[in-house]
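No value in this document is a laboratory result; all are computed from the given coordinates. As the structure is a prediction and not an experimental result, all values here were calculated from the model. Ideal geometry is used to build each Cβ from the backbone, glycine not excepted, and the neighbour counts take in all protein chains shown.
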């Protein structure tokens, strides 16, 4: 996963 | 999902419910800043652009819909509801949106993780959320007389951010590749803005007095 932190957060 | 994240989401959810409940049952939005509520509607709109393209979990999608729906209905209540809107004190709530929106937009265009529309909008929403409470805090300081529900609303919002920081600390140790400094800085700034309010909130709670902010 190279998603930055928080994209799965609200 | 860790316990801090869940607790953070729940306090965020409760804060919105407390506010909606106040507006819906008392039919009053006294002490609530429309500016802050409009900024939150903008925050959620720009952050959740991925709601229909990236599926994360049912929980995630449902919560996004709740935050979008509640923020727009609060704005609708204050602007359009024939009884509620009478209790809105426009002359006290004078903070200008663009003082916050424009710097956040500029910052998001220049400082982001990836220069794509969705990513810049997502970053913008983080910056804007960090400062969106300012009109509400200014209003609290002006009106001074803060009713219980408004005090609880702001307290829950602050608690939500504080819990998210604990969530990031936890995630930092369990999933290091997830850490991103933009989220951290925006989140810490946002939480610090509540420090003053928290201080007076706990003072009034300890002394069993009505919450009042100093002029």
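Descriptive notes on the structure:
- Binned Cα-Cα distance frequencies in the range B:44-133 - 10 Å width, integer %: 15, 35, 34, 15, 1
- Computed over chain B, the per-residue total of -39500 (n - 2.57) for DSSP H runs of n ≥ 4 gives a 222 nm mean residue ellipticity of -23500 deg cm²/dmol, rounded to 500.
- Footprinting exposure proxy for B:50, B:93 (fewest neighbouring C-beta atoms within 10 Å first): B:50, B:93
- Given their separation in residues at 0.36 nm each and the Cα-Cα distance between them, residue B:90 and residue B:66 gain 5.9 nm when the chain is fully extended.
- Hydrodynamic estimate: the Kirkwood radius of chain B over Cα pairs, inserted into Stokes-Einstein at 10 °C and 1.306 mPa s, corresponds to D of 88 µm²/s.
- On Cα atoms only, tilt of B:181-192 relative to the major axis of chain B in degrees: 20 degrees
- Across all Cα atoms of the protein assembly as shown, the radius of gyration (one decimal) and Dmax (whole number) stand at 17.4, 51 Å.
- Of the residues B:143, B:94, the one with the fewest other Cβ atoms within 10 Å heads the list, and the complete ranking is B:94, B:143.
- Counting neighbouring beta carbons within 10 Å and listing from fewest to most, the residues B:27, B:64 come out as B:27, B:64.
- Principal-axis tilt of helix B:97-110 within chain B, Cα atoms, nearest 10 degrees: 10 degrees
- Pairwise centroid distance, computed over Cα atoms, of the range B:146-204 with the range B:1-39, Å: 14 Å
- Degrees separating the helix B:134-143 axis from the principal Cα axis of chain B, which is the longest one: 10 degrees
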